[in-house]
Amino acid sequence: MEVPKDQIATLLEHGLYNSAQMLGCFLVSSSAANAESAPHLKTESLVILGDSFFREREYRRAIHTYKQALQYYKMIPKQNMTSSRSSLSSNRSSSPNSCNGSVINENEVKFKIASSHCFLNENKAALVEMEGIPNKARNLAMNLLLGKLYRVSRHSRAAVAIYKECIRHCPYILEAITALAELGSTAKEIISLFPQTPNRSGRAPFDHTDSSRWLQRYVEAQCSMASNDYKGGLELFADLLQRFPNNTHLLLEMAKVEAIIGKNEEAIMNFEKARSIDPYIITYMDEYAMLLKLKSDYPKLNKLVHDLLNIDPARPEVFVALSVLWERKDEKKSLQYAEQSIRIDERHISGYIMKGNLLLTMKRAEAAVSAFRAAQELRPDIRSYQGLVHTYLALSKIKEALHASREAMKAMPQSAKALKLVGDVHAISSGGREKAKKFYESALRLEPGYLGAALALAELHVIDGRNGDAISLLERYLKDWADDSLHVKLAQVFAATNMLQEALSHYQAALRLNTQNEAAKRGLERLEKQMKGVDPDAPEEDEDNDVEDADGDQDETELL
């Protein structure tokens, strides 16, 4: 043959994809690879060229070329294929990317077409290709991709069956374990899939001794997280981290959950530890960005976004981080970034959470409901419930808000945040304040250090005129919480009680902790007026208008 196939295979193996692509064009157009006289050579040449496009991430060209190859494959007489296969069965490679055999593996080509569609976010087209591969012909990689596609397409039962097959084949596929946990499988069900005896393929049984007990603990941790038992999940991850110190995967998993449940300082510490071990991590870095924004640590947030853009600007986490960065500067641009993250990965939960919060801030509550619902369908956690409840309250849909908060409480019976959500809905009406108080108190009994419930309960005390109770409640948290919102609330209560000096010290403390706290800035401005004996609610135009009127009078006199 004029252009040797093995040379292109060598180029592909050495990662010289552009060179392989150029040489592949010669191979496909060679007279030896004539479609009529040698359809099998034409087919093989097109698959090799398709491989070079695939490796260069030119997925559209890869799909087009692979499909051409399959068309020519249908033209090969069956007798030729059979004899060709039998004569070459001894030296063919089983690799999906092998170019040494004279007849292509149709199922492997379909798998590459499906993978290309996935990279282009064309999941329906990918699923069609994958379903064209017979069950018995699918290998582990094919099953894993099919499981993901079924899950994206919301065919949960089919996804569970495929993921279980993956675990039976290899119990160490952690992403299959996580997927099964999130799809509702129990830890017991997942562990029962681990191979107990050698099977026909000679695969060794799973080792259930202490040396591999960690994997069972990992399964239990993921199932705890999926069932919203965050406390139990964190404890299991912490145990695993003792056995595998500096494990970035475990650090990130812990930090993500700590961020969800409001343990912000612990989450930031674990995110930063993970980044110190591996500064090129992108996974969950959008969650870290949200925490930095909550802390108003804009220098760190700026650097994080800059680093992420240099690592891989095409990842959805990077666009969520950009959205977080732009939120206070340009809400519309911030929303565009959040939406771009969802276009890249339609299962990216933090993209929907960010989008929902932005839409709520922009007074587009109906659209915010859709965003939070989308996040909830992917994986219901406390943030999507919080978003829904606050959005329904903004729309004055009290029944819907109450229903969503009760859903959260049912899904997370051990969550203080879920209890607080129900309290928030009751607190809206004067008749529901007593109920709200009970829910806030229950939340604090469940999680005594939950500052959000303490602030909400203090607000109820203030509304009922019990300022002393509010102050004593909040002061109990000062020892353990260096939090600007706590100081702001105390300052507001002191100011309402006419204890102006105490209010001043707490506003100043809040601004020392967070120089960007707008509530502290506004409160301090009001307080300074109060201390001067000026009514803080009086219109501010008196002095300025007097000056302007005097200037105007002078101008009129001069004109006359």
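The values are calculated or read from the model by the stated rules, or taken from the named source; none is laboratory data. Values in this document were obtained by computation on a predicted structure and should not be read as measured data. So basically every Cβ, Gly included, is an ideal-geometry build from the backbone, and we count neighbours across all protein chains shown. Accessible surface areas use protein heavy atoms only, side chains included; no ligands, DNA or RNA. Shrake-Rupley method; radii C 1.70, N 1.55, O 1.52, S 1.80 Å.
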Karplus 3J(HN,Hα) series, Hz, for the stretch 10-20 with 6.51 cos²θ - 1.76 cosθ + 1.60 (x for Gly, Pro): 5, 4, 4, 4, 8, x, 8, 5, 5, 5, 5
Separation of the LYS67 and GLU106 label points, Cα + 7 Å toward Cβ, nm: 1.8
The stretch 399-533 pair-distance distribution - Cα-Cα, 10 Å bins, rounded %: 13, 37, 32, 15, 2, 0
Cα convex hull of the stretch 315-406, projected area averaged across orientations, nm²: 5.3
Most to least packed among 164-172, 392-400 [average Cβ atoms within 10 Å]: 164-172, 392-400
Per-residue ³J(HN,Hα) for the stretch 440-445, Karplus 6.51 cos²θ - 1.76 cosθ + 1.60, θ = phi - 60°, Hz, x for Gly and Pro: 5, 5, 5, 4, 6, 5
Kirkwood hydrodynamic radius over Cα pairs of the chain, then Stokes diffusion coefficient at 4 °C and 1.567 mPa s, in µm²/s: 46
Carbon/sulfur fraction of accessible area - the chain, other protein chains in place, 1.4 Å, %: 50
For the chain: accessible area per residue (Å², 1.4 Å): 51
Computed E for LYS479/THR10 - FRET, C-beta separation, R0 45 angstrom, nearest 0.05: 0.05
³J(HN,Hα) computed for each position of the stretch 144-149 - Karplus, 6.51 cos²θ - 1.76 cosθ + 1.60, integer Hz, glycine/proline x: 5, 5, 4, x, 4, 5
Neighbourhood net charge (12 Å Cβ-Cβ; Lys/Arg +1, Asp/Glu -1) for SER116: +2
Inter-label distance for LYS273 and LYS124, nm, one decimal - labels placed 7 Å from Cα along Cα-to-Cβ: 4.6
Above-threshold pairs, the threshold being 31 Å between Cα atoms, out of LYS112/LYS303; LYS112/LYS256; LYS332/LYS479; LYS231/LYS355; LYS256/LYS333: LYS112/LYS303; LYS112/LYS256; LYS332/LYS479
